[in-house]
Every structure is written in structure tokens, then in C-alpha cells.
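Structure, as C-alpha cells:
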Amino acid sequence: QVQLVESGGGLVQAGGSLRLSCAASGLIFSINVMGWYRQAPGKQRELVASLTSTGSTNYVDSVKGRFSISRDNAKNTVYLQMNSLKPEDTAVYYCNVNSGGGLIPRRDYWGQGTQVTVSS
């Protein structure tokens with residue numbers, strides 16, 4: 001059974017950096033997109049960054065130039081490097097993997113969430 005385990009969250013001062021990790025415990029076939037979402041209390045979940053199987057990346061405007069998504073295939077891990085953090089980045093961050101297509105059923109896998117708090 002596939003599980004995504006997140007780590008790297010915590011408390012950081014504005015302007016600081018954090019790196020989130022998301023490690024898959026099992027095999028995921030036919031990955032389409034890997035992404036990081038975040039959700040703050042009272043707000044809807046927001047797609048922050050995505051990485052396709054071909055290496056294409058995309059970011060929400062508010063984090064462009066500050067965040068970077070990457071993957072280590074050997075470690076089966078996806079990362080989110082967050083620099084120049086702002087208080088408005090405070091949220092629970094979730095790793096997501098979308099897979100499937102053709103004869104392979106579509107599946108979405110989610111991490112348990114990791115809290116990122118940026119102090120003023």
C-alpha cells in the first residue's frame with residue numbers, strides 16, 4: 001500500500017527557508033503530476049507547485065521565484081524548497097501524486113500534511 005510521508009515543516013522567521021520532503025513508501029505507477037498544496041484555516045486548498053513526469057514545473061504566482069519543486073527518483077522523494085518565506089505562507093502543506101491513465105486506474109495519493117508557520 002502506497003503512503004506518502006511528509007517532513008520538514010516547522011516554525012521559521014520571515015525571510016528564512018525550509019525544505020519539505022515527501023517520501024513514497026511504495027511503488028506508484030504511471031505518475032502524471034506531483035505537487036504540493038497548502039491550506040490555511042478558513043481558506044480553500046491551493047496548489048502551490050507541480051512537477052510533471054517530463055520535468056515541467058509550474059507555480060502559483062505568489063511563490064514564483066521563492067519556491068522550487070524537485071524530485072529525487074532514486075529516493076522516491078519529492079521536495080519543496082521554500083526560500084524568502086513570508087507570514088502569508090503559513091499553512092498546512094500537503095504532498096500529492098496523481099497517477100494512472102490508459103489501462104492503469106487513476107489514483108491520487110496524499111501526504112499527511114506538515115505545518116509551516118512563518119513568524120513576522
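The values are calculated or read from the model by the stated rules, or taken from the named source; none is laboratory data. Not measured: the values here are computed from a predicted model. Cβ sites come from the backbone with ideal geometry, for glycine too, and all protein chains shown count toward neighbours. Only protein heavy atoms, including side chains, enter the accessible area calculation; ligands, DNA and RNA are left aside. Shrake-Rupley method; radii C 1.70, N 1.55, O 1.52, S 1.80 Å.
Going through (1) free of Cβ contacts under 8 Å to residues at least 24 places away in the same chain; (2) surrounded by 14 or more Cβ atoms within 10 Å (Cβ to Cβ) one by one, ILE69 falls short only on (1).
Across the range 90-109, the qualifying residues are those that are open to solvent by 20 Å² or more (accessible area, probe 1.4 Å) and within 17 Å of ALA40 (Cβ to Cβ), and the one among them that is farthest from the chain's Cα centre (by Cα) is THR90.
Under the condition of being closer than 12 Å to GLN39 by Cβ and exposed (fewer than 13 other Cβ atoms within 10 Å of the Cβ), the residues counted in the range 110-120 number 1.
Criterion applied to ILE28, ILE69 was being β-branched (Val, Ile, Thr) and not in a loop (DSSP other than H, G, I, E, B), and the one residue passing it is ILE69. Taking the criterion of being outside any loop (DSSP other than H, G, I, E, B) and either open to solvent by less than 50 Å² (accessible area, probe 1.4 Å) or of a type in the set (D, E, K, R) (or both), the residues of the range 1-11 that qualify are LEU4, GLU6, GLY10. Among the numbered conditions (1) without any contact (Cβ under 8 Å) to a residue 24 or more places away in the chain; (2) polar (S, T, N, Q); (3) under 20 Å from GLY10 (Cβ atoms), the only one that GLN112 does not meet is (1). Only residues that are surrounded by 14 or more Cβ atoms within 10 Å (Cβ to Cβ) and over 17 Å from the mean Cα position of the chain (by Cα) were counted across the range 72-83, and they come to 0. Of all residues in the range 82-90, at least one satisfies being on the phi < 0 side of the Ramachandran plot, in a strand (DSSP E or B) and touching a residue at least 60 places away in the same chain (Cβ under 8 Å).
Residue by residue, here is whether (1) modelled with pLDDT of 95 or more; (2) loosely packed, with under 14 Cβ neighbours inside 10 Å; (3) touching a strand residue (DSSP E or B) at 6+ places or on another chain (Cβ under 7 Å); (4) aliphatic (A, V, I, L, M) holds:
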position	(1), (2), (3), (4)
GLN13	yes, yes, yes, no
CYS22	yes, no, yes, no
LEU27	no, yes, no, yes
VAL33	no, no, yes, yes
TRP36	yes, no, yes, no
GLU46	yes, no, yes, no
